[in-house]
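Peer 1: Before we start, here is the structure in question, set down as structure tokens.
The values are calculated or read from the model by the stated rules, or taken from the named source; none is laboratory data. This is a predicted model, so every value here is computed, not measured. Cβ sites come from the backbone with ideal geometry, for glycine too, and all protein chains shown count toward neighbours. The protein model used for the area step is the full one, side chains on, heavy atoms only, and it has no ligands, DNA or RNA in it. Shrake-Rupley method; radii C 1.70, N 1.55, O 1.52, S 1.80 Å.
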Amino acid sequence: MTMSIFMQILALGFLEPVIDQGFTCLGMQYTSATFASAIMNAVPSVTFLIAVILRLESVKLKEVRSQAKVIGTLVTFGGALLMTLYKGPKINLINNPNSFQKDERQSLEDDKHWFTGTLFLCLGCLAWSSFYILQSITVKRYPAELSLSSLICLAGALQSAVVALIADHNPRSWAIAFDYTLYGPLYANLSHDQ
């Protein structure tokens with residue numbers, strides 16, 4: 001039983017920071033921050049679907065609560081699908097004669113990157129939803145929520161450090177300076193905690 005909880009904590013630590021944030025950041029590089037935000041808003045709906053598939057959540061269509069969950073899920077997926085499939089025309093607010101038009105090959109390459117970015121964002125959304133499902137299962141077996149949260153953060157930090165060491169061998173990348181490399185993560189963590 002203890003080994004099972006340990007493995008769940010390791011999986012939780014891996015899902016949250018490594019897979020979820022990694023795929024989301026990759027997807028945002030290929031698409032846009034606005035698009036990533038819109039797609040990641042589907043996390044509650046994906047979590048609900050996974051919970052229904054795993055029979056952790058029951059749907060009784062005659063109840064108003066269940067109807068609201070199903071309608072909310074459909075609306076969220078409809079919005080995410082609309083954002084994925086429809087990229088509206090570019091609106092040029094400043095009429096600049098020197099602005100260049102993209103040729104057809106560049107547009108095709110952008111569409112390919114857009115699809116890849118969307119795929120990464122969907123994988124990040126699935127990983128984040130899986131994290132919530134696994135967390136709810138783990139909390140039932142290990143009710144000490146604060147120590148569970150600390151263990152998940154520790155496991156995630158260790159796994160992220162291993163991935164970062166493999167990805168970047170340059171020692172200069174690990175130097176902390178008093179610039180955006182220090183202030184950015186500090187600001188993100190402080191604003192996240194509030």
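Peer 1: Going by average Cβ neighbours within 10 Å, how do the peptides 113-121, 162-170 rank, with the highest at the top? Could you put the intermediate results ahead of the total?
Peer 2: On the way: 113-121: 18.1, 162-170: 10.0.
With the highest mean Cβ count within 10 Å placed first, the list reads 113-121, 162-170.
Peer 1: So if each residue of separation counts as 0.36 nm, and I subtract the Cα-Cα distance between V75 and I53, what length gain in nm does that give?
Peer 2: Result for the pair: 6.0 nm of gain on full extension.
Peer 1: Quick one: ranking S129, S160, S37 by accessible area, 1.4 Å probe, largest first, what do you get?
Peer 2: Ranked list, largest accessible area first: S37, S160, S129.
Peer 1: Can you work out the Karplus-derived ³J(HN,Hα) for every residue in segment 23-34? Use 6.51 cos²θ - 1.76 cosθ + 1.60 with θ = phi - 60°, whole Hz, and x for glycine or proline.
Peer 2: Calculated HN-Hα couplings, in order: 5, 5, 5, 4, x, 5, 5, 8, 10, 7, 5, 5 Hz.
Peer 1: What order do K112, K62, K69, K140 take when sorted by accessible area (1.4 Å probe), most exposed first? All intermediate terms of the calculation are to be shown ahead of the outcome.
Peer 2: Working: K112 135, K62 195, K69 65, K140 155 Å².
Largest accessible area first, the list is K62, K140, K112, K69.
Peer 1: Between Q29 and V163, take the C-beta separation as r, use R0 = 22 Å, and let me know the FRET efficiency to the nearest 0.05.
Peer 2: 0.85
Peer 1: While we're here: For E57, list long-range residues whose amide hydrogen, built 1.01 Å from N in the peptide plane, is under 5 Å from its own amide hydrogen.
Peer 2: Amide H to amide H, under 5 Å and 5 or more residues apart or across chains, E57 pairs with V52.
Peer 1: What length, rounded to one decimal in nm, is gained on full extension from I137 through to L154, with 0.36 nm per residue of separation minus their alpha-carbon distance?
Peer 2: Full extension of this stretch gives 4.2 nm more.
Peer 1: Also, I was wondering about something else. Can you tell me how segment 15-59 classifies by the Cα gyration tensor, rounded, prolate or oblate, using a/c under 1.5 as the rounded cut?
Peer 2: Numbers: a/c = 4.31, a/b = 1.99, b/c = 2.17.
In terms of gyration-tensor shape, oblate.
Peer 1: Follow-up question, since we're still on this one. Roughly what would the spin-label model give for Y180 and A68, points 7 Å off Cα along C-beta, in nm?
Peer 2: Modelled inter-label distance: 4.2 nm.
Peer 1: Residue by residue through segment 130-139, which ³J(HN,Hα) values in whole Hz follow from phi under the Karplus form 6.51 cos²θ - 1.76 cosθ + 1.60 (θ = phi - 60°), with glycine and proline marked x?
Peer 2: Going residue by residue, I get 5, 4, 5, 5, 5, 5, 5, 5, 5, 5 Hz, with x marking Gly and Pro.
Peer 1: Mind listing the phi-derived Karplus ³J(HN,Hα) values for segment 159-171, rounded to whole Hz, using 6.51, -1.76 and 1.60 with θ = phi - 60°, and x for any glycine or proline?
Peer 2: Couplings: 5, 5, 5, 5, 4, 5, 5, 6, 6, 9, 8, 6, x Hz.
Peer 1: Taking R0 as 25 Å, what's the FRET efficiency between F115 and Y187 from their Cβ-Cβ distance, rounded to 0.05? Write down the numbers at each step before the final one.
Peer 2: Working: r = 32 Å, r/R0 = 1.28.
Efficiency computed from Cβ-Cβ geometry: 0.20.
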